[in-house]
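Just so you know, all these numbers are worked out from the coordinates, no wet-lab data involved. Bear in mind the structure is a predicted one, so any value in this text is a computation, not a measurement. Cβ placement follows ideal geometry from the backbone for every residue including glycine, while neighbour counts extend to all protein chains displayed.
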Amino acid sequence: QFPFGRRLPCDIYWHGVSFHDNNIFSGQVNKFPGMMETVRKITLSRAMRTMQDLFPLEYNFYPRSWILPEELPLFVAEVRVMKDSDPSWKPTFIVKPDGGCQGDGIYLIKDPSDIRLTGSIQSRPAVVQEYICKPLLVDKLKFDIRLYVLLKSLEPLEIYIAKDGLSRFCTEPYQEPTLKNLHQVFMHLTNYSLNIHSENFIHSDSVNTGSKRTFSSILCRLSSRGADVKKLWSDIISLVIKTIIALTPELKVYYQSDIPAGKPGPTCFQILGFDILLMKNLKPMLLEVNANPSMRIEHEQELSPGVFENVPSPVDEEVKVAVIRDTLRLVDPQKKKRKDAQGNICLCLPHPKGFTKFPCLYWEGMKDKQHKHHSLKLSLKLKFYLKLGLCSSPEHVPGSSESLLAERAEEVTGPRGHEAALPSLCLKQVFPKYAKQFSYLRLVDRVAALFIRFLGVKGTTKLGPTGFRTFIRNCKLSNSNFSMAAVDILYIDITRRWNSMGIDHKESGMCLQAFVEAFFCLAQKKYKSLPLHEQVASLLEFCECHLAALAERRLLWGWG
Ligand code: ADP
């Protein structure tokens, strides 16, 4: 706990709610600036829509969604068209208030005309979404999965997924939605906070029974029924990576605003809660992302009417303790220091031609320039020597100053036995591990990089008209068909529309989503016949190329 009045810098700050809980200038904070805003229902739906426009197949794990009230006419029109083209389609929709949680204000409808636009909860902005009617059932009950994901770093992107999660069960047997059962929350909504009030709720005293179980217990069950659990995991990993790729552009805008590049500041990491629903065919669908997932490991039990007691929950404990323990292990500042030390002492092996029987240890600055040296990090070199049988312990690496090496080895490997005493990591790295497969999806990230570059004054998240004009001019996007007057009109039109949607009135100017829309518009204009993602990729290359040439010219002028 941060004692009152104490202002000494810490290694790790564990904030309860957001990045802004304290003013932090160093160390690591367990929250990213802007995360709460980025994963709100409306913002998430917008980010997913942008990705669905670019890559419809890759992002079909998020239900089709519309934002209320502004997209109500669009929702009505699109549903009408879909119904006309397929009269057998009998959809159900779920309406979820923006910023709501624990099922608050959620209701199901069969027709767009059933949307409630009056009353205090109902008049809140909301997302209306296609309802997934055929979920996978276990014991005839609908359930969802809560998976914990660690976003360890934004730049470079580092993502870890917990190997186990929670499965939260409904408490009434599931039936596909009909007008009669639409309002039965214990049948349709899996929220723990709702179902705990059902008389059918069973507090789990083991990990594979009751209304909250471990995800691994469900996987075991599916596997025994012959389901392809490996494929399911791989689909879940891909869902998580793609979702984070959709969120990073916005997060980077917030990040540069709170922690400007080049200035001393903290770094951030964050545990996110992913809510996932499995369809009957085992396809995982994303429901939402939580910036502040509950880390409670006990639950309230009513001992006698009105008398409650907190009792340990073995399922929560099993999953959550491991997530927090391993997050701390991964962001361990001592480990970081050891890693830095490891980076500093590069070891060099002589070129094979001049191979001497006992290769020597060199400090980086002492490289023997007559030889071409292959650098190996200390830990690698130790492994190498141990494997070759050239030494039995770090102290015996030939050519080394024994005491120095032993000391350094301690720094790299940690005090002996410390890591070994801990269970193996429950957090599995998925990015950059699988980065190659997903890098083509990171187009909006590159658009955001352009946006940030032209933001100008540090600390802002919105682009002014001058910044937008400079972007057009530097990227050579204006020509006889697209005058600077047309550029101004584009800026004003798009900015006004986004600002009228009223998400953030703190600053005036063009927000990232508005810039992305303008960018897509320019890409469509310039590369007419291509699919959208190719239009955007081509325009990005065009802009990046012009900016690189400009930077080069500026460098030359500088030298001149
Ligand atoms: P909240 O933040 O209020 O919990 P969610 O988006 O998680 O809102 O929705 C609450 C519950 O409603 C989910 O846990 C899930 O059981 C159900 N649900 C949400 N969206 C859908 C959907 N598109 N299809 C089927 N069920 C859904």
Problem - Order of His188, His197 under a 10 Å beta carbon neighbour criterion, fewest first - result: His197, His188
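Using the Cβ atoms and a cut-off under 14 Å, what net charge is assigned to the surroundings of Cys545, where Lys and Arg are +1 and Asp and Glu are -1?
On the way: positive: Arg446, Lys476, Lys526, Arg553; negative: Glu541, Glu544, Glu552.
Neighbourhood net charge equals +1.
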Completion exercise
FRET efficiency for Arg453 and Ala485 from the Cβ-Cβ distance with R0 = 35 Å, rounded to 0.05, comes out at 0.90
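Under a point-charge model restricted to the Cβ atoms of Lys and Arg (+1) and Asp and Glu (-1), what is the dipole moment magnitude of segment 438-557 relative to its Cα centre, in debye to the nearest 20? Don't skip to the end; give the middle numbers.
Working: 16 positive and 10 negative charges, 49 e Å.
Approximately 240 debye in magnitude.
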Exercise for the section: Could I have the simple spin-label model distance between Lys231 and Asn23, label points 7 Å from Cα toward Cβ, reported in nm to one decimal? Expected result: 5.6
Problem - Net charge of Cβ neighbours under 10 Å - reference Ala448; Lys, Arg +1; Asp, Glu -1 - result: +2
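Taking every pair of Cα atoms in segment 457-560, average 1/r, invert it to obtain the Kirkwood radius, and report Rg/Rh to two decimals. Can you show the working numbers first?
Details: Rg = 15.1 Å, Rh = 15.0 Å.
Value, to two decimals: 1.01.
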Exercise for the section: Mark the label point 7 Å from the Cα of Val76 along Cα→Cβ and return the residues of segment 476-502 whose backbone N is within less than 20 Å of it. Expected result: 501
Handout entry: Which of Tyr148, Tyr62, Tyr440, Tyr254 has the fewest Cβ neighbours within 10 Å, and the rest in rising order
Key = Tyr440, Tyr254, Tyr62, Tyr148
Problem - Length gained when the stretch Ile12-Ser508 is fully extended (0.36 nm per residue, less Cα-Cα span) - result: 175.1 nm
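Among Arg554, Arg442, rank each residue by its count of other Cβ atoms within 10 Å, from fewest to most, as a rough exposure measure.
So the ranking, lowest neighbour count to highest, is Arg554, Arg442.
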Practice task
Using 0.36 nm per residue of separation minus the Cα-Cα distance, give me the extension gain between Gln175 and Cys133 in nm, one decimal.
Solution key: 14.2 nm
Fill in the blank from the handout: The answer for Met510, listing residues at least 5 apart or on another chain whose modeled amide H is closer than 5 Å to its amide H, is Leu463, Gly464
Problem - Cα centroid separation, segment 432-452 to segment 305-336 (Å) - result: 32
Fill in the blank from the handout: Dipole check, segment 57-136, charges on Cβ (K,R +1; D,E -1), about Cα centroid: among Leu68, Gln129, Tyr107 the Cα furthest to the positive pole belongs to Tyr107
Handout entry: Spin-label proximity, Ser206 to segment 161-179 - amide N less than 14 Å from point 7 Å beyond Cα toward beta carbon
Key = none
Problem - Which listed pairs, of Lys134/Lys230; Lys462/Lys528; Lys436/Lys525; Lys96/Lys212; Lys90/Lys528; Lys41/Lys140, have C-alpha distances above 27 Å, in listed order - result: Lys462/Lys528; Lys436/Lys525; Lys90/Lys528; Lys41/Lys140
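Which length gain, in nm to one decimal place, applies between Lys335 and Lys436 when the Cα-Cα distance is subtracted from 0.36 nm times their residue separation? Numbers along the way, then the final one.
Details: separation 101, 0.36 × 101 = 36.36 nm, distance 2.70 nm.
Fully extending the segment from Lys335 to Lys436 adds 33.7 nm.
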Exercise for the section: Sort out for me the Cα centre separation of segment 278-294 from segment 226-241, rounded to whole Å. Expected result: 12
Problem - Within-13-Å neighbourhood charge of Phe93 [Cβ basis; K, R +1; D, E -1] - result: +1
